[in-house]
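Please read the structure below before turning to the comments.
Derivation of every value follows stated rules applied to the coordinates shown; laboratory data play no part. For clarity, every value in this text was computed on a predicted model and none was experimentally measured. Note: ideal-geometry Cβ built from the backbone for every residue, glycine included; neighbour counts use all protein chains shown.
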Amino acid sequence: MTNQEDLKIRIYDIKSQSYQMVQRVVKSDAQWKGLLTEDQYDVLRQHGTERPYCSVAGQGYKTGVYQCAGCGTDLFLVKEKFESGTGWPSFWQPVAEDNVGYQNDTSHGMRRKEVHCARCEGHLGHVFDDGPPPTGQRFCINAAALKFVEDKK
Ligand SMILES: [Zn+2]
């Protein structure tokens with residue numbers, strides 16, 4: 001039983017507006033390859049960075065949520081998205097700190113903070129300290145890592 005519990009993490013669920021205990025999503029590379037598109041696999045599992053100005057769904061919507069393209073975890077809200085001018089979808093905060101994880105990334109001769117999905121550990125992008133108020137953070141995310149779900153209220 002202990003092992004099963006270890007695999008569970010707490011994430012915030014937008015639909016029920018509450019925290020839930022969910023099973024971590026762990027798959028082999030071959031399984032991910034079968035599930036994801038080539039672009040999604042490259043970003044989420046290979047830590048790739050897509051070219052800027054890849055289109056992301058949800059443009060023009062005022063409500064809705066961006067989920068992890070790998071496992072469906074709620075990650076970012078449309079209303080917390082802003083135009084950063086970088087060509088990548090940018091947000092000033094995640095849905096909940098529990099839903100993402102961070103890692104120091106020193107690749108390409110830079111010191112950056114990598115951000116990934118807490119549930120499947122899929123790579124999303126990087127976080128920078130030059131974002132707008134109220135957080136001053138800029139989550140620079142690859143469009144391929146996100147799946148837009150419209151808010152049907
Ligand atoms: Zn995920």
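Points worth noting:
- Exposure proxy for 135, 73, 86: other Cβ atoms within 10 Å of each Cβ, ordered fewest to most, give 86, 135, 73.
- Total lysine pairs under 25 Å (Cα atoms) in the chain, excluding pairs fewer than 8 apart on one chain: 27
- Between the amide H of residue 82 and those of 90, 91, 92, distances stay under 5 Å, these residues lying 5 or more places away or on another chain, with hydrogens modeled in the peptide plane.
- Cα centroid separation, region 51-68 to region 86-153: 13 Å.
- In order along region 74-85, the Karplus-derived 3J(HN,Hα) couplings, from 6.51 cos²θ - 1.76 cosθ + 1.60 at θ = phi - 60°, round to 5, 10, 9, 9, 4, 5, 10, 8, 9, 7, 8, x Hz, and Gly and Pro are given as x.
- For region 1-55, the fraction of alpha-carbon pairs in successive 10 Å shells from zero, as %: 19, 29, 38, 12, 1
- A Stokes-Einstein calculation at 20 °C with viscosity 1.002 mPa s, built on the Kirkwood radius of the chain over Cα pairs, returns a diffusion coefficient of 135 µm²/s.
- Each residue in 108, 123, 47, 116 was given a count of other beta-carbon atoms within 10 angstrom of its own, and listing them fewest first yields 108, 47, 116, 123.
- For the chain, the 222 nm mean residue ellipticity estimated from helices alone, with every DSSP H stretch of n ≥ 4 adding -39500 (n - 2.57) and the total spread over all residues, rounds to -3000 deg cm²/dmol.
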